[in-house]
Number of protein chains: 2
Amino acid sequence: MRVLVTGAAGMIGRKLVARLMQEEAIGDRAITALDLHDVVPLEQESIASAHVAIHVGDLSEPGEAAKLMREKPDVIFHLAGVVSGEAETNFALGYSANLDGARLLFHAIHEAGHCPRVVFSSSIAVFGGPFPDVIPDDFHTVPLGSYGTQKVMVEALLVDYTRRGLLDGVGIRLPSISVRPGKPNKAASGFLSNIIREPLVGREAILPVPRDVVQTHASPRSAVSFLLHAAQLDGAAIGPRRNLSMPGVAVTVGEQIEALERVAGKETVALIREEHDEAIWSLVQNWPTRFEARRARDLGFVTEQTYDEIIKAHIEDELGG
Amino acid sequence: MRVLVTGAAGMIGRKLVARLMQEEAIGDRAITALDLHDVVPLEQESIASAHVAIHVGDLSEPGEAAKLMREKPDVIFHLAGVVSGEAETNFALGYSANLDGARLLFHAIHEAGHCPRVVFSSSIAVFGGPFPDVIPDDFHTVPLGSYGTQKVMVEALLVDYTRRGLLDGVGIRLPSISVRPGKPNKAASGFLSNIIREPLVGREAILPVPRDVVQTHASPRSAVSFLLHAAQLDGAAIGPRRNLSMPGVAVTVGEQIEALERVAGKETVALIREEHDEAIWSLVQNWPTRFEARRARDLGFVTEQTYDEIIKAHIEDELGG
């Protein structure tokens, strides 16, 4: 089986590629060739292998996606795009990277004519408030940002291309992914990971919102598992509504901190400093909180049961256990 | 006030233009210039006037929309596009006319920088089954056709462009428009108008589905009123969710026929011949039936109260009373 990953150099992309390299299969289907695409070059040494091909280019440029279809990949993980902050500050880039990139890819798939499974990483940003306490799977998608708008548009395309048999799509709406590895970033949502990741390595972290803020989390490891599970699902079992809200662990920030204390002790938790940030707080109040995710659970998507497990996954995957 | 109508040669476009020409204003704002655009030339004699300019071109061609923005129209009615049947049979044309046309128009509006009111004619085709008995305003939009997909995508763009202050959009989701003037067409929905229009002029019409099929109808006259009302609404009163399901008269086909008998007598109704068409029936079962349309009603959109009124509107507008 030939597998293509777009956005392979991103956070989720790198973790997916590592897992594909390690397992050398998706389910019981062996991977015979792996195409990795991104706008930036991947670190080749970590993925050197006879069956891996690295491609550097911009999917929003006409002709780029067609090159990737020459070998007709059986499974395509479409992760490429810019993040929400960038889509909001750079209007044209957001539409170009997130909408045109996907549309040109789908068009190239149509032209290639082999109807591969396409797993698209969508986001809970497709939802806009006001929200009910628990967001049902069929909650309407009226996003409050350009990033969510672009995801909604690609979700719609994915359904239509699938309905017409041009590709076999599954969109997965990722919840908040934590604990994000790497340096603290300035994304408004950064604190959700910062308050765990930084204290675990002895550094201070700032909590800019009240402790009763609720978010739904899944680990990066779970995000990769979602993608791999989506690649193997029977399309008929999903039905025509191909975009699925993923499950996660819904906890308050206070519960995240309690979990951290259970896993790493009081001294670690003492490194979290509360410093209210009105700008972040005003954004956070518009974020979706809890999801029903019943369809995804029924289709076999699994994730952590507790935030403790999410912290332990981070310690195992990023801090050597 | 300068007004632009795209798709001005279409059924709704022509009726809107006639009303604008007659009233010479939208609400209390006088129309000083009227730009009429379509891919096909309009019949100039019927709209000859010093302040009317006719433009022929394709909005899906780069540069076309920019020409229409030179004079910075204050209100834009974006009606251009291909109909559902055509969007389904011609995949590329559907996306080009219905999605790219709107996107290029919105982009040109952004470039012009004057943030006009944009009234977009969307459709209840944004909804896909299975449906509840009454479709609420916040029902999720997962269409079952390419036309509905394109409308969903443009609705999302309209909201995002509005949120960013690049234009001031209102999307109106039109219900089934009846009684459609003109010749019987082969659209699957054609019978909904055919069974009224044809018998009224002494011709036979075929009813291809059971009499208990329910649809929500508004007259072409109401569709024009919706557009004009949308042009005058206070954006703040609408809020960020700018796409509104329009009200209509929800009746069974049997009730349509009973109304026809009340208005035109038994002999007229006798011209309807029941001849089941399995292909049409299978499509009709997936169509949305009743709508709540509470937001639209609260915002002052009004339509007929009974199907009798819809028939009488047709007789007045198309058959000289």
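The values are calculated or read from the model by the stated rules, or taken from the named source; none is laboratory data. This is a predicted model, so every value here is computed, not measured. When we count neighbours, we look across all protein chains shown, and the Cβ atoms used for this are built from the backbone with ideal geometry, even at glycine.
Below, the figures for the structure above:
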quantity: Per-region count, the range A:181-210, residues of a type in the set (Lys, Arg), within 20 Å of A:Val263 (Cβ to Cβ) and surrounded by fewer than 20 Cβ atoms within 10 Å (Cβ to Cβ); calculated: 1
quantity: Residue within the range A:44-57 that is at pLDDT below 95 and within 14 Å of another protein chain (Cβ to nearest Cβ) present; calculated: no
quantity: Filter result for B:Leu228 (more than 24 Å from B:Arg290 (Cα to Cα) and either within 14 Å of chain A (Cβ to nearest Cβ) or aliphatic (A, V, I, L, M) (or both)); calculated: no
quantity: Every residue from the range A:140-166 that is in a helix (DSSP H, G or I) and among the basic types (Lys, Arg); calculated: A:Lys151, A:Arg163
quantity: Given (1) modelled with pLDDT under 95; (2) over 28 Å from B:Thr162 (Cβ atoms), index of the condition A:Val119 fails; calculated: (1)
quantity: Residue match in the range A:172-183 (condition: under 30 Å from A:His314 (Cα atoms) and within 14 Å of chain B (Cβ to nearest Cβ)); calculated: yes
quantity: Pair list, Cβ < 7 Å and 6+ apart or interchain, from the range B:157-182 residues that are at positive phi to residues that are outside any strand (DSSP E or B); calculated: B:Gly165/B:Cys115
quantity: Checking B:Gly320 against (1) touching a helix residue (DSSP H, G or I) at 6+ places or on another chain (Cβ under 9 Å); (2) assigned to a loop (DSSP other than H, G, I, E, B); (3) among the small types (Gly, Ala, Ser), the condition it does not meet; calculated: (1)
quantity: Candidates A:Val152, A:Val119, A:Val142 - the one that is within 9 Å of chain B (Cβ to nearest Cβ), among the hydrophobic types (A, V, I, L, M, F, W, C) and under 17 Å from the mean Cα position of the chain (by Cα); calculated: A:Val152
quantity: Residue count, the range B:167-187 (criterion: farther than 19 Å from B:Glu111 by Cβ and either over 18 Å from the mean Cα position of the chain (by Cα) or part of a loop (DSSP other than H, G, I, E, B) (or both)); calculated: 11
quantity: Checklist (1) crowded, with 18+ Cβ neighbours inside 10 Å; (2) farther than 16 Å from A:Ser245 by Cα; (3) within 9 Å of chain B (Cβ to nearest Cβ) applied to A:Tyr147, failing item; calculated: (3)
quantity: Breaking point among (1) under 21 Å from B:Gly171 (Cβ atoms); (2) in a strand (DSSP E or B); (3) small (Gly, Ala, Ser), for B:Gly81; calculated: (2)
quantity: Of all residues making up the range B:84-139, the number that are surrounded by fewer than 23 Cβ atoms within 10 Å (Cβ to Cβ) and in a strand (DSSP E or B); calculated: 3
quantity: Residue within the range B:258-275 that is within 15 Å of B:Pro175 (Cβ to Cβ) and in contact (Cβ under 8 Å) with a residue 40 or more places away in the chain present; calculated: no
quantity: Cross-chain or 6+ apart pairs with Cβ under 6 Å, the range B:122-133 first and more than 13 Å from chain A (Cβ to nearest Cβ), then at pLDDT below 95; calculated: B:Ile124/B:Pro288
quantity: Which numbered condition B:Asp35 fails, given (1) of a type in the set (Asp, Glu); (2) within 21 Å of B:Asn243 (Cβ to Cβ); (3) touching a His at 6+ places or on another chain (Cβ under 8 Å); calculated: (2)
quantity: Qualifying residue in the range A:160-170 (condition: out of contact with any His (no Cβ under 6 Å at 6 or more places or on another chain), surrounded by 24 or more Cβ atoms within 10 Å (Cβ to Cβ) and at the interface with chain B (Cβ under 10 Å from one of its Cβ atoms)); calculated: yes
quantity: Pick from the range B:280-297, criterion of a type outside the set (Ser, Thr, Tyr) and assigned to a loop (DSSP other than H, G, I, E, B), ranking: nearest to the other protein chains (Cβ to nearest Cβ); calculated: B:Asn286
